[in-house]
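Asks: I am attaching a structure below and will ask some questions about it afterwards.
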Amino acid sequence: MMLILSILLTYPHFLSYKVHINFQNSFMGGIFMNKILMTPGPTNVPEEVFAAMSQNMHHRTDEFLKVMYDADKKLRKVFGTQNEVVMLLSSGTGGLEASVVNIFSPGDDLLVINCGVFGRRYADISREYGVNVDEIKTEWGQGIGPEILNDYLDKKKYKAVYATYSETSTGIKNDIKKLGSIVKNHGALFIVDAVSAIGSLKFDADKYNVDLAIAGSQKGLMCPPGLSLLALSDRAWDAVLSSKMPRFYFDLRKYKNSSIPYTPGVSLILGLNKALDMLLKKGLDNVYHDADIYSRAVKSACNILGLSEFPDKRYCSEVLTALWVPSGVDDKLLRSQMQENGVVIAGGQGRLKGKIIRIGHIGYLKCDYILKTIYSLGSALNKQGYKSDVKGALGEAETVLGAIK
């Protein structure tokens, strides 16, 4: 509450702006009584989703089966596929592992497009199961050019190609539509890590020639962590049936046709079903439009704060903004100071730890969340002696946010 009073006392003219009509009220209740998660995941969970999760329901009932069928139908729309979407009780990494043990047999050849932490993770998982892995490694902050992929596939035949849609460790996104066309032309399966992209970026698995897309509940889908979601094409299901890989809990054959072989994440699926209702009611095109606006608001405001983006601008993702930590600024202290003001952002991963900060702007968001983040970031920078134009940054963000639907 002290933070909002400080903003209003310092910049009282913001109350006149359209996006701030409910600015004060939004800080008086709900998520602002605790903290907002402005990370690439987990993201904020709406109260409606928490309420849906509180239902007391048994998984071996017709009542829950109806929820499963409903959620599957809605997930198909979000994934852009005619095929069913399998729901597993696991993290997104569990979904990645599930894809490996179901698609491949030991000795199969896989080409991994490695643009950061999660590309490397998929390669590591695959090697653990005896898959022969080749990697196209980009410089961190760079995406993959379609012509590079085409050259690799001209030289060798692979069972499958893996790519990350939005690589949250570096802030880049790949052009999955173009990559999918190339993979299809070479006869390989196309596996896409869409964990942070589903519900955030336009995605059409069938039209993009994606054979297996993996997502998680805790990012654009506005739910707590705990569900991995896998959409498989007919070609991918054929690979599942022929795989010689050992598997038990992650054996997708057991989950086909919305089967429930083991105790599922009942509360999470109830919450997911509600979140999907909210996304579809808003309209997916509007969801993607607003994700772009939130991204542009944060990126342009951070530029006014004097911060530089880490990734190559040709590949910047709308899911997050990755920023270099200025010289003389302690990123851990910066994030701690922001958290004291109720805003949680992420630091760097792997070799970028301590070098970048990452601001997520997906999932359940309001314009006020963006403004509070910019104010908290600018204030924390100023506390460490890095002079930032907080007023100018807030004004820029407000201007961009005026296009939110």
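Asks: Looking at the stretch 129-171, which of its residues are of a type in the set (Asp, Glu) and either within 25 Å of the chain's Cα centre (by Cα) or over 19 Å from ASP211 (Cβ atoms) (or both)? Talk me through it step by step, then tell me what you get.
Replies: Residues of the stretch 129-171 of a type in the set (Asp, Glu): 134-135, 139, 147, 151, 154, 167.
Passing the criteria: GLU135, GLU139, GLU147, ASP151, ASP154, GLU167.
Asks: Another one. Applying the selection to the stretch 320-338, what residues are out of contact with any helix residue (DSSP H, G or I) (no Cβ under 9 Å at 6 or more places or on another chain) and assigned to a helix (DSSP H, G or I)?
Replies: Hits for the stretch 320-338 are ASP331, LYS332.
Asks: Which one of the conditions (1) over 17 Å from the mean Cα position of the chain (by Cα); (2) touching a residue at least 40 places away in the same chain (Cβ under 8 Å) does VAL319 fail to meet, given that it meets all the rest?
Replies: (1)
Here is a yes/no grid of residues against (1) surrounded by fewer than 24 Cβ atoms within 10 Å (Cβ to Cβ); (2) at pLDDT below 95; (3) not small (Gly, Ala, Ser):
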| site | (1), (2), (3) |
| --- | --- |
| SER196 | no, no, no |
| SER200 | no, no, no |
| ILE214 | no, no, yes |
| LEU221 | no, no, yes |
| LEU229 | no, no, yes |
| LYS244 | yes, no, yes |
| ARG247 | yes, no, yes |
| ILE269 | no, no, yes |
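Asks: Quick check on the stretch 373-381. Is at least one of its residues modelled with pLDDT of 95 or more, outside the structural domain of TYR165 (by TED's automatic domain parsing) and either within 25 Å of CYS115 (Cβ to Cβ) or among the acidic types (Asp, Glu) (or both)? Lay out the reasoning, then the answer.
Replies: Looking only at the stretch 373-381, we keep the residues that are modelled with pLDDT of 95 or more, and these are 373-381.
Pick out the ones that are also outside the structural domain of TYR165 (by TED's automatic domain parsing) and you get 373-381.
So of that shortlist, the ones also either within 25 Å of CYS115 (Cβ to Cβ) or among the acidic types (Asp, Glu) (or both) come out as none.
No - not one qualifying residue is present in the stretch 373-381.
Asks: Taking GLY328, is it without any contact (Cβ under 8 Å) to a residue 60 or more places away in the chain and within 20 Å of PHE118 (Cα to Cα)?
Replies: Values: without any contact (Cβ under 8 Å) to a residue 60 or more places away in the chain: yes; within 20 Å of PHE118 (Cα to Cα): no.
In short, no.
Asks: Now for a different question. When you go through (1) surrounded by 16 or more Cβ atoms within 10 Å (Cβ to Cβ); (2) part of a loop (DSSP other than H, G, I, E, B) one by one for SER126, which number turns out not to apply?
Replies: (2)
Asks: Here's another thing I want to ask about it. Only one of these conditions is not met by ILE191: (1) farther than 19 Å from GLN349 by Cβ; (2) more than 18 Å from the chain's Cα centre (by Cα). Which number is it?
Replies: (2)
Asks: Next question. Taking the residues in the stretch 250-306 that are assigned by TED's automatic domain parsing to the domain that holds VAL78 and among the hydroxyl-bearing types (Ser, Thr, Tyr) as candidates, determine which candidate is nearest to LEU381 (Cα to Cα).
Replies: Taking the candidates together, the pick is SER267.
Asks: So, THR263, is that one touching a strand residue (DSSP E or B) at 6+ places or on another chain (Cβ under 9 Å) and surrounded by fewer than 20 Cβ atoms within 10 Å (Cβ to Cβ) or not? Break it down stepwise before answering.
Replies: Details: touching a strand residue (DSSP E or B) at 6+ places or on another chain (Cβ under 9 Å): yes; surrounded by fewer than 20 Cβ atoms within 10 Å (Cβ to Cβ): yes.
For THR263, the condition - touching a strand residue (DSSP E or B) at 6+ places or on another chain (Cβ under 9 Å) and surrounded by fewer than 20 Cβ atoms within 10 Å (Cβ to Cβ) - is met.
Asks: Within the stretch 286-312, how many residues are of a type outside the set (A, V, I, L, M), within 21 Å of GLN349 (Cβ to Cβ) and not in a loop (DSSP other than H, G, I, E, B)?
Replies: Just the residues of the stretch 286-312 that are of a type outside the set (A, V, I, L, M), to begin with: 286, 288-290, 292, 294-296, 299-300, 302-303, 306, 308-312.
Filter once more, so that each one left must be within 21 Å of GLN349 (Cβ to Cβ): 295, 299, 302, 308-312.
Those left that are additionally not in a loop (DSSP other than H, G, I, E, B): 295, 299, 302, 309.
Number of matching residues: 4.
Asks: If I ask for residues that are in a loop (DSSP other than H, G, I, E, B) and of a type in the set (Lys, Arg), which ones from the stretch 362-379 would you list? Please lay out each step first, then the result.
Replies: Keep residues of the stretch 362-379 that are in a loop (DSSP other than H, G, I, E, B), which gives 362-366.
Answer for the stretch 362-379, where residues must be in a loop (DSSP other than H, G, I, E, B) and of a type in the set (Lys, Arg): just LYS366.
Asks: Return yes or no: is LYS372 surrounded by fewer than 24 Cβ atoms within 10 Å (Cβ to Cβ) and of a type in the set (Lys, Arg)? I'd like the intermediate steps shown before the answer.
Replies: Working: surrounded by fewer than 24 Cβ atoms within 10 Å (Cβ to Cβ): no; of a type in the set (Lys, Arg): yes.
Against the criterion (surrounded by fewer than 24 Cβ atoms within 10 Å (Cβ to Cβ) and of a type in the set (Lys, Arg)), LYS372 does not qualify.
Asks: Considering only the stretch 386-403, I want to know if a residue exists there that is in contact (Cβ under 8 Å) with a residue 12 or more places away in the chain, within 25 Å of LEU284 (Cβ to Cβ) and not in a helix (DSSP H, G or I).
Replies: Checked against the condition, which is being in contact (Cβ under 8 Å) with a residue 12 or more places away in the chain, within 25 Å of LEU284 (Cβ to Cβ) and not in a helix (DSSP H, G or I), the stretch 386-403 yields at least one hit.
The values are calculated or read from the model by the stated rules, or taken from the named source; none is laboratory data. Just so it is clear, the model here is predicted, and its values are computed rather than measured. Ideal geometry is used to build each Cβ from the backbone, glycine not excepted, and the neighbour counts take in all protein chains shown.
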